[in-house]
1. Compute the relative contact order of the chain as a whole-number percentage, counting only Cα pairs closer than 8 Å that sit 6 or more residues apart in sequence.
2. Need one number: nm distance between label points at residue 115 and residue 91, each 7 Å from Cα along Cα→Cβ, rounded to one decimal.
3. With the other protein chains left in place, how much accessible area per residue, in square angstrom, belongs to region 9-143 at a 1.4 angstrom probe?
4. At residue 130 and residue 84, where each label point lies 7 Å from the Cα along Cα→Cβ, what is the point-to-point distance in nanometres?
5. Explain nothing, just the number: dipole magnitude of the chain about its Cα centre with +1 on each Lys and Arg Cβ and -1 on each Asp and Glu Cβ, in debye rounded to the nearest 20.
6. What trypsin sites (Lys or Arg not before Pro) does region 1-72 have in DSSP loop regions with at most 10 other beta carbons within 10 Å?
7. Using helices alone, I'd like the mean residue ellipticity at 222 nm for the chain: each DSSP H run of four-plus residues gives -39500 (n - 2.57), total over residue count, nearest 500.
8. Below 19 Å, Cα to Cα, which lysines can residue 97 reach? Residues fewer than 8 away in the same chain don't count.
Amino acid sequence: MMDITEIRKHLPHRYPFLLVDRVVELTPGESIVAYKNLSINEPFFNGHFPDQPVFPGVLLVEAMAQAAGILGFKTMDKTPADGSIYYFVGADKLRFKRPCVPGDRVMLRASILGQKRGIWRFKVSADVDDKLCASAIILCADR
């Protein structure tokens, strides 16, 4: 388990762009399970959409990528403080199945599919109450 203090050591993101609240399972070299709690107080809900707030899909993809980034950093035993940074460089097979709304605990899951010359492939998904919200294959580059 990683709390927000430990997460901040493994991701360079900060408020309002840090989108992982806690890591509940992590097996370096294999997989991670983390979550993001959605509160109506999040700044993006003011405009997306005022009368029917929905977590923006691009931020859901970013949250999944951040969980994958933590997995990658832990697998490599590196941190941003070591001068390493993970860039999100692509997504394949991206699908949105249901919206995420205030009050949801979005579970973020990632598993390593492979790594070649600093480019990592992850299978990622997000779900709420065991109902799939989004999934993708993402690529991240370690620089």
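1. Relative contact order here is 26 percent.
2. 2.3 nm
3. Here the per-residue accessible area is 52 Å².
4. If labels sit at residue 130 and residue 84, their model points lie 3.5 nm apart.
5. Roughly 460 debye for the chain.
6. 14
7. That comes out to -6000 deg cm²/dmol.
8. 36, 123, 131
The values are calculated or read from the model by the stated rules, or taken from the named source; none is laboratory data. Since we're looking at a predicted model, the values are computed, not measured. We place every Cβ from the backbone using ideal geometry, glycine too, and count neighbours over all the protein chains shown. Note: areas computed on protein heavy atoms with side chains; ligands, DNA, RNA excluded. Shrake-Rupley method; radii C 1.70, N 1.55, O 1.52, S 1.80 Å.
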